[in-house]
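Notes to accompany the following structure.
The values are calculated or read from the model by the stated rules, or taken from the named source; none is laboratory data. The model shown is predicted, which means the values in this text are computed figures rather than measured ones. We place every Cβ from the backbone using ideal geometry, glycine too, and count neighbours over all the protein chains shown. All accessible areas refer to the heavy atoms of the entire protein, side chains included, with ligands and DNA or RNA removed. Shrake-Rupley method; radii C 1.70, N 1.55, O 1.52, S 1.80 Å.
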Amino acid sequence: MTDTTGAHPGGARPPAPPAPPGPAAPAAGDDRLRRTLTTPKIAFLIVSAAAPLGALVGTVPLAFALGSGAGVPATFVLAGLTLLCFSVGYAAISRRVVNAGGFYTYVAQGLGRTPAVGGGWIALLAYNAATIGVAGAFAYFAQLVAASHGLDLRWELWAAAGIAVTAALGYRQIDISARVVAVLLVAEVGILVALDVAILARDGTAALPAAAFAPGTVFGPGLGVSLMFAFVSYIGFESAALYGEEARDPERSVPRATYLAVVAISVFYALTSWLVVGAVGAGNVRASATEQLGDLFFQLSDDYLVSAATTVMQVLLCTSLLAGMLALHGAAVRYLFVLGRERLLPAGLAAVHPRHGAPHRASLVQSGLTVVVVAAFAVAGLDPYVSLATSMLGLGTVAIIVLQALAGVAVLGYCWRHPAERRPGGGGRVAGRRRRPDGRGGPGRGQLLGDDRDDERRDHLTALAGAGRRRRRGRPRLVAAPGQAATFRGAGPPARHRPPGVG
């Protein structure tokens with residue numbers, strides 16, 4: 001290998017050659033995550049966090065029974081439009097701030113230190129609680145499905161199996177988890193599409209009753225309850241930004257995956273629930289859902305498909321919850337990772353596996369926390385669904401809604417603090433794109449404002465993000481601007497700052 005450390009004429013070192021395309025394993029001692037995710041993979045991760053089959057089987061019958069009845073399909077449209085409005089600002093800031101900290105980083109850039117630290121703790125609570133809640137739901141339904149087919153095991157064993165699978169996949173690079181959830185998501189959506197097609201083929205246009213979107217039905221009694229269940233069914237879509245540091249092209253992948261997830265979930269939920277209203281009857285859907293609850297979709301499958309398809313749907317319900325658990329685990333892990341990197345939690349949580357390029361210690365901690373909480377509920381003799389899943393998912397949902405509201409305010413604060421983002425051609429991509437030092441479109445590494453006056457500060461921060469970070473391992477990092485030191489696009493600092501042999 002050619003010696004790259006010797007002296008060069010004139011005392012200057014030529015710039016390092018550009019890094020080859022594609023992800024590379026992190027160097028020893030590096031805390032950068034491996035960039036392996038594309039737009040479809042991110043979309044699969046965030047849609048699977050919503051557990052579409054679990055949401056439709058578990059929450060839609062409750063919305064029919066306790067909410068607006070036949071008007072439930074329209075509430076999914078209303079919720080989708082609301083979340084699309086939220087996604088506009090969310091996607092806009094994600095093009096400028098690339099970080100695994102998600103809401104934590106966005107609040108830091110828009111509102112400052114104190115709200116960001118509070119938001120980071122809320123996010124940590126939200127995604128850990130949601131992961132634990134889905135673990136309880138998985139154990140409950142896995143026990144029921146297995147017992148109905150002759151395999152009667154305690155729910156604690158099913159919970160342990162789900163946690164073990166999640167821990168094993170979460171320990172490795174996120175690309176593997178994305179592939180697993182993609183397969184499971186396609187399977188669960190496939191069985192629901194088969195049911196939709198069967199209803200439409202038998203009932204024709206009668207399967208899509210106009211009464212479901214009549215104003216008197218939509219805005220009648222129970223609208224608030226239906227909207228609550230609708231928004232709960234979207235939980236997880238906002239997690240795209242958490243994978244920014246692991247995306248190959250985060251400036252495009254994160255916004256596109258966010259929009260894709262919201263539109264896909266909205267269309268799928270609204271259409272499927274609309275067809276269920278048509279199959280049961282707009283005037284009968286409330287009573288039928290009240291009587292059958294979680295069996296509503298299984299009864300429809302028996303009627304419109306075959307019993308074997310119902311068995312497949314029951315199994316896929318369990319895998320849907322497992323995929324959701326895995327996706328939420330990944331979100332919780334990335335908050336642990338970032339808060340460790342910011343020294344708000346022990347710095348060891350920010351370690352990246354030298355071979356897998358994944359935050360493995362944070363993954364182990366999250367899995368351990370899930371084990372402890374699930375074991376506590378088991379020892380207390382509490383029900384995995386009524387007690388564990390309901391309480392934890394309720395807590396996680398409320399916390400995530402608070403985070404979404406905080407992020408919406410943070411986007412406005414970001415634009416207010418950085419008026420260059422609101423001017424035509426003023427950096428980033430509100431009205432135009434700047435050229436990055438590597439020749440690609442968009443702001444340069446570390447450039448959040450798109451302002452050439454910040455060149456000196458940007459170079460200084462880039463140096464801190466590289467070798468300077470290693471020199472400060474022994475003392476706490478100042479949190480004057482949380483999320484700032486890790487908002488650099490690309491897999492590392494510019495070539496002129498790279499040590500010999502890297503890149």
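Could you count how many residues in region 175-186 are open to solvent by less than 40 Å² (accessible area, probe 1.4 Å) and closer than 26 Å to Leu56 by Cβ? Talk me through it step by step, then tell me what you get.
Taking region 175-186 first, the residues open to solvent by less than 40 Å² (accessible area, probe 1.4 Å) are 175, 177-178, 181-182, 184-185.
Now restrict to residues that are closer than 26 Å to Leu56 by Cβ: 177-178, 181-182, 184-185.
Of the residues in that region, 6 qualify.
Within region 226-248, can you find the residues that are of a type in the set (Ser, Thr, Tyr) and assigned to a helix (DSSP H, G or I)?
Filtering region 226-248 down to residues of a type in the set (Ser, Thr, Tyr) leaves 226, 233-234, 239, 243.
The answer is Ser226, Ser239, Tyr243.
Looking for something over 24 Å from Gly58 (Cβ atoms) and at pLDDT 90 or above - is there at least one such residue anywhere in region 130-147?
Here is the first cut: in region 130-147, the residues over 24 Å from Gly58 (Cβ atoms) are none.
No - not one qualifying residue is present in region 130-147.
Here are some residues: Gly101, Gly67. Which one is open to solvent by less than 10 Å² (accessible area, probe 1.4 Å), out of contact with any Phe, Trp or Tyr (no Cβ under 6 Å at 6 or more places or on another chain) and modelled with pLDDT of 80 or more?
Details: Gly101 fails: modelled with pLDDT of 80 or more.
From the options Gly101, Gly67, the qualifying one is Gly67.
Identify, from the list Val218, Val189, the residue that is touching a residue at least 24 places away in the same chain (Cβ under 8 Å) and under 14 Å from Val47 (Cα atoms).
The conditions single out Val189.
Just give me the residues in region 303-342 being outside any helix (DSSP H, G or I) and touching a Leu at 6+ places or on another chain (Cβ under 7 Å), in sequence order. Talk me through it step by step, then tell me what you get.
Going residue by residue through region 303-342, those that are outside any helix (DSSP H, G or I) are 305-306, 342.
Once the filter is applied, which keeps residues that are outside any helix (DSSP H, G or I) and touching a Leu at 6+ places or on another chain (Cβ under 7 Å), region 303-342 yields only Leu305.
I'd like the full set of residues that are out of contact with any helix residue (DSSP H, G or I) (no Cβ under 8 Å at 6 or more places or on another chain) and buried (at least 19 other Cβ atoms within 10 Å of the Cβ), limited to region 333-352. Spell out the reasoning first.
As a first pass, look at region 333-352 and keep what is out of contact with any helix residue (DSSP H, G or I) (no Cβ under 8 Å at 6 or more places or on another chain): 343.
Residues satisfying the conditions do not exist here.
Identify, from the list Ala92, Ala79, the residue that is in a helix (DSSP H, G or I), touching a residue at least 12 places away in the same chain (Cβ under 8 Å), out of contact with any Asp or Glu (no Cβ under 8 Å at 6 or more places or on another chain) and surrounded by 24 or more Cβ atoms within 10 Å (Cβ to Cβ).
Numbers: Ala92 fails: surrounded by 24 or more Cβ atoms within 10 Å (Cβ to Cβ).
On inspection, the qualifying residue turns out to be Ala79.
Would region 111-127 turn up any residue that is open to solvent by 60 Å² or more (accessible area, probe 1.4 Å) and among the β-branched types (Val, Ile, Thr)?
Yes, because at least one residue in region 111-127 is open to solvent by 60 Å² or more (accessible area, probe 1.4 Å) and among the β-branched types (Val, Ile, Thr).
Taking only pairs six or more apart or across chains, which ones have beta-carbon atoms under 6 Å, a first residue in region 165-182 that is farther than 17 Å from Ala51 by Cβ, and a second residue that is in a helix (DSSP H, G or I) and among the charged types (D, E, K, R)?
Sorted first by the residue in region 165-182, then by its partner, the pairs are Ile174/Glu246.
I'd like the full set of residues that are under 23 Å from the mean Cα position of the chain (by Cα), touching a residue at least 60 places away in the same chain (Cβ under 8 Å), crowded, with 20+ Cβ neighbours inside 10 Å and farther than 19 Å from Leu125 by Cβ, limited to region 353-384.
Gly357, Ala358, His360
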